[in-house]
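The values are calculated or read from the model by the stated rules, or taken from the named source; none is laboratory data. As the structure is a prediction and not an experimental result, all values here were calculated from the model. Cβ placement follows ideal geometry from the backbone for every residue including glycine, while neighbour counts extend to all protein chains displayed. Heads up: the accessible areas ignore ligands, DNA and RNA and are worked out on the full protein's heavy atoms, side chains in. Shrake-Rupley method; radii C 1.70, N 1.55, O 1.52, S 1.80 Å.
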Amino acid sequence: MTGIRRALAWTALDRYLHLPIGIVQVALMSRLLTPHEVGISAIGYSFLALAETLRDFGATTYLIQKREISTTTLRTTFTLLLLTTLIMVGAIFASAPFIAQAYGEPGLQGYIWVLATSFALGPFAAPILSLMRRDMQFNKLAAINLTISSLGAFVSILLAYLGFSYMSIAWAGVSMAVCGTALAFWIRPSFYIYRLELHDWRDVFYFGSFATLTAFLTKGYQAVPLFLLGRVVSIESAGLFQRATAICDLPERFVSAIIAQVALPAFSAAARAGADLKEAYLKSIEHITAIYWPALSMLVALAYPLVRILLGPQWTAVAPLVQILAVASLSLFAAVLTYPVLVAVGRINDTLYSSLVSLPLSLLILVPSAFLGIETLTLSFLLTLPLQMFVALVFIRRHIPFSWLELVAATRKGAMVTIISMIGPALVIVFNGAGFDMHLLNAVLAALLGLMGWFLGLWLSGHPLLTQLGELVQFVTSTLSARGFLRNRADPSEKP
């Protein structure tokens, strides 16, 4: 296995083990918390996510893409992270009472303050984790991610069961931050980083200014629906929308997040070597569409039973929102590659320019729709997401000279796989008495037919993913066997 494929395999193993943990956590927390409580948590967390983008200042990405890094660079990065963290923590503590007052929820203040304590640990773990990603040490990152996600799920569920309400999520965030920092220190002790130094601050600042503004615009735009719904509709509607996006993000977490973890260091390494990125980009599109599109299509087909299973009966209003968001997200097949590619070719500023073009136009559609209710706001994504993807592709084509026809050709096999995989589920929906709102047995049948159709589509289209899935299975099996998890039945020393 090549280095890139091995990295993908480790990241896939991480995400595929991480995903069930997140699903169980969402399922149990949705039964322990009301939509109103989830809405409070979602709004509070969104403010901290915005602060995180300002704090990072693109420093961690800077370490990954820089051709050569020195001790001075690492210490400068840590120093900038520490300074921005101190500023942001102070701003968070000062603004929390006003945020809570604006939403008429006094509990938001304490929630934000608790999350801010986990936020303060970021400068110590972030440089180490960035070095691991730069060196493609995804096996170690997988161990860290799985440990902290398991701990966070356990703590949040336990505290919610004990009656801590939405504060259980905040305290779980603290436990994850402490655990993640400790594991980073243990796995890769790099204490020489933690000295104050600002020698390379201009270089980091130049790169970070574009990365930070881009991330802030993106995170801010993503938070707008929650902020608007919480203010002009209700806190409960914000909770419903958050759960809808959480379910609709499952394909992205299952597929695109794998590629996102590897894409930046992989494209950066290829760019440093002077390789042609066009073929790699189009092949990535070919692979993404063969998984991402069928997964989103299955979400549309199974939204109602999936919401009942994952969230419970109090969340049935989420199902139609999931279907709308899934259809809109089909247009984002290349979104996960935009940032890594532009950073790899040294055009971090284009990520900002792209956002400055697409996001204001999207807000002109999104903001008025919020005043018409949660359904209308969700429908607006059918316009805004394709718009954002189109603008991003225009900027990418400036540096990777592919034609629109070549892009369409790269998606051809993915489209074929999607159509074939959905024939079975479509028949189940047609013959189901209640359409999409099907019973569990019909949902299981539709899912099985969809999975069989997916493999059939890969085979009929001659998609290279089928061969690579076999390689992935072989890699996982050999890895587990080497670590003693699987016994070799052919071992002659084994006693009958």
Please determine whether any residue of the stretch 325-336 is part of a helix (DSSP H, G or I), at pLDDT below 90 and over 30 Å from L449 (Cα atoms).
no
The condition from (1) in contact (Cβ under 8 Å) with a residue 24 or more places away in the chain; (2) closer than 24 Å to T245 by Cβ that I365 misses is numbered (1)
Considering the stretch 334-352, residues that are over 11 Å from T214 (Cβ atoms) and open to solvent by 30 Å² or more (accessible area, probe 1.4 Å), and then whichever is nearest to the chain's Cα centre (by Cα), we arrive at A335
_Among the residues of the stretch 315-327, are any under 30 Å from E37 (Cα atoms), among the aliphatic types (A, V, I, L, M), in contact (Cβ under 8 Å) with a residue 60 or more places away in the chain and open to solvent by 30 Å² or more (accessible area, probe 1.4 Å)?_
yes
Picked from the stretch 421-460 (must be surrounded by 19 or more Cβ atoms within 10 Å (Cβ to Cβ) and small (G, A, S)), the residue farthest from T411 (Cα to Cα) is A443
*crowded, with 18+ Cβ neighbours inside 10 Å and over 21 Å from V343 (Cα atoms), is that true of I169?*
yes
Filter the stretch 96-116 for residues that are without any contact (Cβ under 8 Å) to a residue 60 or more places away in the chain and either outside any helix (DSSP H, G or I) or farther than 16 Å from I40 by Cα (or both); the one that is most open to solvent (accessible area, probe 1.4 Å) is P106
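Quick grid of which residues meet (1) under 30 Å from L372 (Cβ atoms); (2) open to solvent by 50 Å² or more (accessible area, probe 1.4 Å); (3) touching a residue at least 12 places away in the same chain (Cβ under 8 Å):
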residue: V155; (1), (2), (3): no, no, yes
residue: Y161; (1), (2), (3): no, yes, yes
residue: V174; (1), (2), (3): no, no, yes
residue: W186; (1), (2), (3): no, yes, no
residue: R195; (1), (2), (3): no, yes, yes
residue: T214; (1), (2), (3): yes, no, yes
Picking from V444, V430, V408, V417, the residue that is among the hydrophobic types (A, V, I, L, M, F, W, C), part of a helix (DSSP H, G or I) and touching a residue at least 12 places away in the same chain (Cβ under 8 Å) would be V417
*Does A49 satisfy the criteria of being open to solvent by less than 10 Å² (accessible area, probe 1.4 Å), assigned to a helix (DSSP H, G or I) and either more than 19 Å from A172 (Cβ to Cβ) or at pLDDT below 90 (or both)?*
no
In the stretch 124-135, anything part of a helix (DSSP H, G or I) and either of a type in the set (D, E, K, R) or at pLDDT 85 or above (or both) is listed as R133, R134
